Amino acid sequence: MRLLIRSLSAIFLFATSAWGQTPYPEITYVHPGAVQRGVANEVTVVSRHANRGFETASQVFFGGQGLSAEIPPREAKSPPERRKIKIKVARDASLGLHEMRVATDSGVSSLGELLVVDDPVIVEDQKPHATPSAAQGVAINRVVAGILSAKEQVDAYRFKASAGQEVTFSLMGSRLYFKRHYQEGGNSDPMLILTSAEGVELASNDDYYFGDPMLHYRFDKDGEYIIAVRDVDYAGAAHFTYSLTITDRPYATSVYPPVISNTGAQAASASGFGIPDGPLALKGLAGLTPTGIHTAQLLANGQETNALTFEVTDLPIHLEVEPNDDRARANAISHVGTVLCGRADRPNDVDHFALPLKKGRPVRFEVKARRLGSSLDSHLRLLNETGGVVASGDDSAGSKDAEFRFTPPADGRYTLEVRDLLFRGGPTYSYGIEVRDDEPDFAVRCDDDRAGVGPGGAVPWFLRVTRTAGFDGPIDVRVEGLPPGLSAQPVTIPAGVTDRCLIVQAAKDAKPAAAPVRVVASANVKGLDGKTRKVEHAVQPLEELYMGGGGRSVWPVETQIAQVVTKDDIASVRVTPASISLRPGEQVTLEVEVTRRPNYKGRVTLDTQLQHLGSVYGNSLPPGVTFVESGSKTSLGAEESKGRIILKAAPDAKPVQGVSIAVIAYVSIDFVVKRAYASAPVAASITAPAVAKR
């Protein structure tokens, strides 16, 4: 309750005063949202606010390989919330969505996305084209980039087709929503309507790829036709962008298997339109491809299909053999350490796999389906030799892909059952299930995905670890690839601790610079074989999302950027003493002095956590140490520079040595977004309680 009161109090204080003057830029949308491989393209990045725009844009960063950018001089009358950018896409750049960020004097932007395509991109006309007579002319084998910018808007496109010609219409729009920072503005729910030139409806589709439509049509006669795009509810907004692919080439709607080996044959079968039976060669993946998610095209009758998503694995792959609809006919699997690939071919299809498990040896089952574009909402059950359910799994963190862990109480033959949660099925309901020994391991996430640091300043990155299969050791975290002028002292997440704070600092003479970075976590982990190995994992960066109603959420992203900025609000946060030591039950006072930049006179809030509306997203304090509200001063007015944080160790706090904590000075940008400025690390220790003398 105190946490919620503090959070609401801070919001009230900022709601009654001016927001911070130096927000980071925000990409609300990019138009056109598609760029063609092998050519130069021009796009415009747009922000919903002028003070979060791109007037001082200097660099552009992309996820993946093959994209580069040039920022032309800003036009004199161009509004600051809009900026044209020239983008060159290499011929071998991967198809599909690429993350995009723009660096300015005040920091790196929130994330935008660009769809890389093979066909020429046609930009929607700005004049209305809602009716068949006003429809904009386009051609087949093009990608149309448009915006449903107003309520009741319909975008109609006229094209010619021949008798017997088969054309696929596939739209990307709703799927851009997941990584968009500002989500309170809602999302489009687009649909497609195919008509004759006179407006007679021939076909329509909604929600084929989650919220996005796709339809395929074989034309009976030569002539002109209309493909129209609108929102299902006739909604519209400036950020309702879409990219509509119109193609008569082979189009795959699903692929099998969705998981392929990084050393074996690079081939897969597919369902769709113009797709021959049997395995097809893959283009875009080669032998020894790194494990993980990749996109590739199939070669169908000498033509390249649309891009498809695959998981590349270093494990052997077992393809299901039907019938395996019940436990008695389960596919026999000889060992753990494999990927089971199958498909719910029809409604009510349930697949079974039988495998031997050893007493006390933990096993992890993880589905790879939705993340690869499958329609399957997976549900898993594990059955013992009498058919009893001993474990089950549904959604995993942030995904509809099921996952669970199980430690067998006895040796035996167990049966894994997989199905769609709602018993749906069809060609698009494929899956891979990774079955591994559940080795002790860990994963670390970082909130957030960018750091904008002024000379002499510092910012926090909050880390949160998830340990699995009994691992409880310390984890070391470091940052690789920082630009000149920035440094980050490695931190250790002690055993038993889940949260930590990493500080990115700028030298006093740091010059403007920005670079993509990689945060790495490493630990010595004792495996199931009793041997200790050094394990390293990339830390997952998280994009902050401004949710409807003023809530805050996060979403995993690929790119993480650190930058020396020339514009921010806080020059330094000084804390004394520089180290603290508490016994259980004791408390200590940290004196805090905040130095503002010359032009910032607004409010500042002090904290040791990252929180919003009572939810804690990160915490720099060791377990057992808490903030004491009474006597602390955490809200600094316009003329105030000094505050204090009182911390207390719980009576049962466990000893720790030299844990790096930080005091964070927050400047609110709006109801949700705050820029965070950090003190230098403060070493905190909890000593063992004094032993009473007899």
Practice task
Taking residue 245 as the residue in question, decide whether it is within 24 Å of residue 201 (Cβ to Cβ), among the hydroxyl-bearing types (Ser, Thr, Tyr) and crowded, with 21+ Cβ neighbours inside 10 Å.
Solution key: yes
Exercise for the section: Check off (1) in a loop (DSSP other than H, G, I, E, B); (2) at pLDDT 95 or above for residue 186 and give me the number that stays unchecked. Expected result: (2)
Practice task
Kindly indicate the residue of region 105-126 that is in a loop (DSSP other than H, G, I, E, B) and under 19 Å from residue 139 (Cβ atoms) and also nearest to the chain's Cα centre (by Cα) among those meeting that condition.
Solution key: 118
Handout entry: Which numbered condition residue 464 misses (of (1) touching a Lys or Arg at 6+ places or on another chain (Cβ under 7 Å); (2) more than 16 Å from residue 662 (Cα to Cα); (3) assigned to a strand (DSSP E or B); (4) not hydrophobic (A, V, I, L, M, F, W, C))
Key = (2)
Exercise for the section: Looking for whichever is at pLDDT 95 or above and crowded, with 16+ Cβ neighbours inside 10 Å here; the options are 323, 347, 408, 356. Which one fits? Expected result: 408
Exercise for the section: Restricting attention to region 286-314, report how many residues are surrounded by fewer than 18 Cβ atoms within 10 Å (Cβ to Cβ) and either in contact (Cβ under 8 Å) with a residue 12 or more places away in the chain or outside any loop (DSSP other than H, G, I, E, B) (or both). Expected result: 13
Handout entry: Single residue of region 627-666 satisfying the filter (among the hydroxyl-bearing types (Ser, Thr, Tyr) and in contact (Cβ under 8 Å) with a residue 60 or more places away in the chain) that is nearest to residue 595 (Cα to Cα)
Key = 666
Practice task
With the checklist (1) buried (at least 19 other Cβ atoms within 10 Å of the Cβ); (2) polar (S, T, N, Q); (3) out of contact with any strand residue (DSSP E or B) (no Cβ under 7 Å at 6 or more places or on another chain) in hand, flag the one item residue 253 doesn't pass.
Solution key: (3)
Completion exercise
Selection from region 593-626 of residues on the phi < 0 side of the Ramachandran plot, in a loop (DSSP other than H, G, I, E, B) and either touching a residue at least 40 places away in the same chain (Cβ under 8 Å) or surrounded by 16 or more Cβ atoms within 10 Å (Cβ to Cβ) (or both) yields 597, 599, 600, 602, 603, 608, 620, 621, 622, 623
Exercise for the section: Test residue 652 against the stated conditions and say whether it is part of a loop (DSSP other than H, G, I, E, B), over 22 Å from residue 490 (Cα atoms), among the acidic types (Asp, Glu) and within 33 Å of the chain's Cα centre (by Cα). Expected result: no
Completion exercise
Contact list, first residue from region 98-116 and on the phi > 0 side of the Ramachandran plot, second anywhere and basic (Lys, Arg), beta-carbon distance below 7 Å, six or more apart or interchain, is 107/450
Practice task
Answer yes if at least one residue in region 233-241 is outside the structural domain of residue 63 (by TED's automatic domain parsing), touching a residue at least 60 places away in the same chain (Cβ under 8 Å), over 29 Å from residue 186 (Cα atoms) and surrounded by 14 or more Cβ atoms within 10 Å (Cβ to Cβ), and no otherwise.
Solution key: no
Handout entry: Residues within region 132-162 that are surrounded by fewer than 17 Cβ atoms within 10 Å (Cβ to Cβ), part of a helix (DSSP H, G or I) and in contact (Cβ under 8 Å) with a residue 12 or more places away in the chain, tallied
Key = 1
Exercise for the section: Under 8 Å between Cβ atoms, at least 6 apart or on separate chains: pull out the pairs that start in region 382-405 with a residue that is outside the structural domain of residue 364 (by TED's automatic domain parsing) and in contact (Cβ under 8 Å) with a residue 24 or more places away in the chain and end on any residue that is loosely packed, with under 14 Cβ neighbours inside 10 Å and not acidic (Asp, Glu). Expected result: none
Completion exercise
The condition of being hydrophobic (A, V, I, L, M, F, W, C), closer than 30 Å to residue 600 by Cα and not in a loop (DSSP other than H, G, I, E, B) holds, among 61, 54, only for 61
Problem - Residues of region 482-506 that turn out to be in a loop (DSSP other than H, G, I, E, B), under 24 Å from the mean Cα position of the chain (by Cα) and over 27 Å from residue 566 (Cβ atoms), as a count - result: 1
Fill in the blank from the handout: Cβ pairs under 6 Å, 6+ apart or interchain, first in region 446-470 and touching a residue at least 40 places away in the same chain (Cβ under 8 Å), second of a type in the set (Lys, Arg) and assigned to a strand (DSSP E or B), ordered by first then second residue, are 463/500; 464/445
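The values are calculated or read from the model by the stated rules, or taken from the named source; none is laboratory data. Keep in mind it's a predicted model, so treat the numbers as computed, not measured. As a convention, Cβ positions derive from the backbone with ideal geometry for all residues, glycine included, and neighbour counts pool all protein chains shown.
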